[in-house]
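Every number here is computed from the coordinates shown, using simple stated rules; none is lab data. For clarity, every value in this text was computed on a predicted model and none was experimentally measured. Here the Cβ positions follow ideal geometry from the backbone for every residue, glycine too, while neighbour counts run over all protein chains shown.
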Amino acid sequence: MVVQEQAYAVNGVSLHVAEAGEQTGKVILFLHGFPEFWYAWSKQLPYFAEMGYRAVAPDQRGYNYSSKPAGVKAYTLEKLTGDIAALIRQLTHEKVYLAGHDWGGAVAWAMAICYPELLEKIIILNMPHPQVMEDNLKHNPKQMLKSWYAGFFQLPFLPELAGSAFNYKLLEQSIRTTSKRGTFTEEDIAHYKAAWQQPKALTSMLNWYRAYKYNKLNLAGDVTVPTLLIWGRRDAFLGQEMAQQSIARCKSGQLVFIDNATHWLHHEKPYEVNHLIKDFIISA
């Protein structure tokens, strides 16, 4: 299955996008998290394209070949959701299926709250509802400890220096040591390092964390869009107690735990994740 790449002008920026499948197929849109890019979904795009869907995975703003506007406030959730809403409107006149992992999951949750009219269903991989995340960061000591790096990322300059030192060793270790052994191949790491080395990329990626305090969207609401939440129980970054709290915020929600999977479940268990998503989107 051929993956085609092109750029879309949306919301004042250019998004580099990878696509597979027929242009007339129903759109399923995949949003990556930190520190990945569209390639994170390389085990999903061909699968859904072969099923007849138009499978689309953008580099979100600040990542890889997409625009990297200057300034922290260019990376608020208002801007990030505006990008995806504009992209959806360019791709199709119909509602889409939207999947997101990690920070991409945060954008997908926000889309479901702020732009439900654009979405058929959403699929979230290991990311809690925004209000659940905020509550746990304030009141759950275990989650505060797990999220220590988010505080470190608020510092100027130092995170960039640490992240890029020794050929991006810290970023490489952050995904290798928190995933099942052998999940990320040398080829995968080479692709990621090429994306991290793009001009201004590392600062722009970190600005997603730095911009969260400037969020003006009301994300406390419940989700009315049908939701599937898939959660790897061995997540080193996010406590699984937030999964049940999150699905409780959904009017029509399903929660599936994968026992022997980590934060990187779509890499580790692509067959299982793909089938869960497929069964969810074809169900009535």
Practice prompt. Test Gln131 against the criterion of being in contact with a Lys or Arg (Cβ under 9 Å, 6 or more places away or on another chain), over 24 Å from Ala284 (Cα atoms) and in a helix (DSSP H, G or I), and give yes or no.
Written response: yes
Worksheet entry | Residues that are under 13 Å from Tyr47 (Cβ atoms) and not charged (D, E, K, R), drawn from segment 235-284 | His266, Pro270, Tyr271, Val273, Asn274, His275, Leu276, Ile277, Ile281
Fill in: Residue satisfying all of: in segment 229-284; in contact (Cβ under 8 Å) with a residue 60 or more places away in the chain and either among the charged types (D, E, K, R) or in contact with a Cys (Cβ under 6 Å, 6 or more places away or on another chain) (or both); farthest from Met111 (Cα to Cα) among these
Glu268
Worksheet item: Can you pull out the residues in segment 124-140 that are of a type in the set (A, V, I, L, M) and crowded, with 24+ Cβ neighbours inside 10 Å?
Response: Ile124, Leu125, Met127
Fill in: Flag if Gly163 is within 15 Å of the chain's Cα centre (by Cα) and closer than 20 Å to Pro35 by Cβ
no
Worksheet item: Would segment 185-207 turn up any residue that is in contact with a Pro (Cβ under 8 Å, 6 or more places away or on another chain) and among the β-branched types (Val, Ile, Thr)?
Response: no
Worksheet item: Which of (1) exposed (fewer than 13 other Cβ atoms within 10 Å of the Cβ); (2) more than 18 Å from Phe34 (Cβ to Cβ); (3) of a type outside the set (Asp, Glu) is the odd one out, the single condition Lys213 does not satisfy?
Response: (2)
Item to complete: Residues being in a loop (DSSP other than H, G, I, E, B) and not aromatic (Phe, Trp, Tyr): count how many of those fall in segment 179-213.
Response: 10
Worksheet entry | Candidates Lys200, Lys121, Lys193, Lys146 - the one that is of a type in the set (Lys, Arg), touching a helix residue (DSSP H, G or I) at 6+ places or on another chain (Cβ under 9 Å) and surrounded by fewer than 18 Cβ atoms within 10 Å (Cβ to Cβ) | Lys193
